[in-house]
Amino acid sequence: MRGRHLAKYREIGRKIAFYRKLRNISQERLSEMVDKSRSYISKIEAENSEIEFSLDILFDIAEALKIDVAAFFNPIDVEIRGKYLKDE
């Protein structure tokens, strides 16, 4: 059922972009950290994204951004209090 959860993937992508910017990391740098292309990261973060990605990628991104992967599944207004940020 391709696309069945597309809105959820887009929301996670939006949160990836939020945390990436919060950490002052460029798409290029994040792509290097997770061994993916910058265009792949860009597609994940795009508001109109059509891309689905694996949990492995999500875990790698969370690790690179030093956040708990749970942050991608909860509202940002709760997250920005630092609950999911890990020490640098």
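Coordinate-derived values only; no laboratory data. All of these numbers come straight from a predicted model, not from anything done at the bench. Using ideal geometry, Cβ is built from the backbone for each residue, glycine included, and neighbour counts are taken over all protein chains shown.
Beyond 17 Å, what share of the Cα-Cα pairs of the chain remains, rounded to the nearest whole percent?
Percent of Cα pairs beyond 17 Å in the chain: 43.
Let me have the relative contact order for the chain, percent, based on Cα pairs under 8 Å that are six or more residues apart.
29
Report the charge-dipole magnitude of the chain in Debye, nearest 20, computed about the Cα centre from +1 at each Lys and Arg Cβ and -1 at each Asp and Glu Cβ.
Magnitude of the dipole: close to 240 debye.
So for the chain, taking the charge dipole from beta-carbon charges (+1 Lys/Arg, -1 Asp/Glu), which of Val69, Ile41, Leu6 sits furthest toward the positive end?
Looking along the dipole axis, the top candidate is Leu6.
Enumerate the residues in region 1-27 having an amide nitrogen under 20 Å from the point lying 7 Å beyond the Cα of Glu50 toward its Cβ.
Backbone N within reach: 1-14.
What ranking do Asp60, Asp68 get, fewest neighbouring Cβ atoms within 10 angstrom at the top?
Exposure proxy ranking, most exposed first: Asp68, Asp60.
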